C-alpha cells in the first residue's frame, strides 16, 4: 500500500467545527458551551432562532413540534392548504355566469351555415339582436330551384315545409303503396334526389 497514492487526496474528512471567539453562549439552561448552531423558535415566530451547542441542538430538534398546541382540525387544514402553497383556489368551472353564457356546442351545426349561430354577442357589444338588420333570404341556384319545383315548393319554403312535403311524397310514391305504378317509382326517385340535394345545400 502506497501512502502517497492519488486516492488518498480524494478522501473527505469531516472538518472540525471552528468556534468563533465571539460566538454566543449556548442558550440551554446550565450549558456554558458556544452556541454554534441555530434552532427555530417556533410557529408565528419565523425568522427567530435559538443558539445551541451541537449536543443540545440535537436534543432540541428531537422534541421540536411545529404544530404543538394546535387542534387536529387546524393541523389538517394547514396540511391541505400547504398543497397549494397556502394560496386560494377555485373549483373547476366555478364561474357560474360564464357557464350560463357559454353556448351549447353539442347542439351547434357544423360548416359555414352555422358560423353566425356559434358566434354570439353575450355582452351586447354590437347591439341587440332586435336592432340587427334582418338576414337576406337565400337565393336558390338553378339545381336547387329545380329540386324545390320537384317537391312542389317555391324558393321561400322553410326547412320544416321541405321536410313535411318530402315525407308526404315519399309515403305517396313508395313502391309498397303505389300499386306497381312505374311512373310513381320514377317520381319516388326524383323526390329522393331532390331532397338529398336540398339537404346538402343547407335548406333543411
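The values are calculated or read from the model by the stated rules, or taken from the named source; none is laboratory data. As the structure is a prediction and not an experimental result, all values here were calculated from the model. Glycine gets a Cβ as well: all are built from the backbone with ideal geometry, and neighbour counts include every protein chain shown.
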Subject >> Single condition residue 100 does not satisfy, out of (1) modelled with pLDDT under 80; (2) out of contact with any strand residue (DSSP E or B) (no Cβ under 7 Å at 6 or more places or on another chain); (3) surrounded by 12 or more Cβ atoms within 10 Å (Cβ to Cβ) >> reply: (3)
Subject >> Total residues in the stretch 41-70, condition part of a helix (DSSP H, G or I) and either surrounded by 10 or more Cβ atoms within 10 Å (Cβ to Cβ) or under 44 Å from the mean Cα position of the chain (by Cα) (or both) >> reply: 8
Subject >> Selection from the stretch 178-201 of residues that are farther than 16 Å from residue 147 by Cβ and exposed (fewer than 12 other Cβ atoms within 10 Å of the Cβ) >> reply: 179, 180, 182, 183
